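K.L.:
Quick one: this structure, given as structure tokens, is what I'll be asking you about.
The values are calculated or read from the model by the stated rules, or taken from the named source; none is laboratory data. From a predicted model like this one, the values you see are computed outputs, not experimental measurements. Here the Cβ is made from the backbone with ideal geometry for all residues, glycine too, and neighbour counts use every protein chain on show.
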């Protein structure tokens, strides 16, 4: 990872791709030294002089690289309303599971008395070893496209290896909540009824949606997309996926155009899902340029083909999975967008970002696939299957 990014202190990536003031206070040296005192036997006496050398630009938590003597670790702080200790422990168990099966995911550092999560004055903290490889996209906003088709192909193969390694991880899904994706709606026989049940358990989300004009159920665009996806996914097995696969959650062998994936990190959105749904999320987040500077959202069919060819070279999807992909893609972001609405409204306190999550992310992503580049992309996917 790059220790000296060309980014002013205190600024992080915003919802529209530019830099904005951070929602959460940045990690500081005093804070990380207090935290790492719980890791003294593991990390050594240098924890007393630990210092933050890089702040992550990702906006929904506070995280960064911390130098501890000759070692460097990655520290992440979570608001307790966003991640519970139990949720993080499940994530850490998945990290251990895929690491044991050869996936290059950074090791979670265990505190001296045994836990992998430390609660300190409310927030939850986790500490990871530094990821292997070059953090080539460290300062690139999440969901920007791959720089080259070779990167896309390698990322597809790496996701397939992750899926193979995750098979057999048997813990139940993490419950829906702020910034936690799921397949509760997209896999339901009646998505509208499933939404009603979901909102009864998440009053903060229900209140936010009502305030933003989504009172009586999902907009028609989203509901139609969910119904089509549900029919395609219903019979497919549930397995764990990464949940947030895009180039800035990967490290690379070098900085060249033909670099291959060296490591995988940030399993913060990992959950029990359907693996082809996880593929759809990966395509949606990297083969559509949602943050294009001119606002002209476009799709990259060449990168999509490269990604899918790379994936199929490791784990060829079954025929039913291939057929499902085009039906799932328009709806794969719906549940995460809802979780963003809840996060921005009930946790971060930004009604402007909550409104943007409804208009541009919840509804806008579904509408994109109904016409223009989005419809062309779906036609291309269906032709691949045939």
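K.L.:
State the number of residues belonging to region 298-343 that are part of a helix (DSSP H, G or I), surrounded by 22 or more Cβ atoms within 10 Å (Cβ to Cβ) and without any contact (Cβ under 8 Å) to a residue 60 or more places away in the chain.
P.N.:
So the count comes out to 2.
K.L.:
Please go through region 164-199 and give me each residue that is assigned to a helix (DSSP H, G or I), under 20 Å from residue 244 (Cα atoms) and out of contact with any strand residue (DSSP E or B) (no Cβ under 7 Å at 6 or more places or on another chain), ordered by number.
P.N.:
Correct list: 164, 165.
K.L.:
Would you please name the residue that is surrounded by the fewest Cβ atoms within 10 Å (Cβ to Cβ), looking only at residues in region 59-69 that are out of contact with any strand residue (DSSP E or B) (no Cβ under 6 Å at 6 or more places or on another chain) and at pLDDT 95 or above?
P.N.:
Among residues in region 59-69 that are out of contact with any strand residue (DSSP E or B) (no Cβ under 6 Å at 6 or more places or on another chain) and at pLDDT 95 or above, the one surrounded by the fewest Cβ atoms within 10 Å (Cβ to Cβ) is 69.
K.L.:
Let me ask something else. Of (1) modelled with pLDDT of 95 or more; (2) surrounded by fewer than 15 Cβ atoms within 10 Å (Cβ to Cβ); (3) out of contact with any strand residue (DSSP E or B) (no Cβ under 8 Å at 6 or more places or on another chain), residue 18 satisfies all except one. Which?
P.N.:
(1)
K.L.:
Now for a separate question. Is it true that some residue in region 169-181 is surrounded by fewer than 22 Cβ atoms within 10 Å (Cβ to Cβ), within 22 Å of residue 324 (Cα to Cα) and within 16 Å of the chain's Cα centre (by Cα)?
P.N.:
yes
K.L.:
Of the residues that make up region 343-357, is at least one out of contact with any strand residue (DSSP E or B) (no Cβ under 9 Å at 6 or more places or on another chain), closer than 24 Å to residue 163 by Cα and at pLDDT 95 or above?
P.N.:
no
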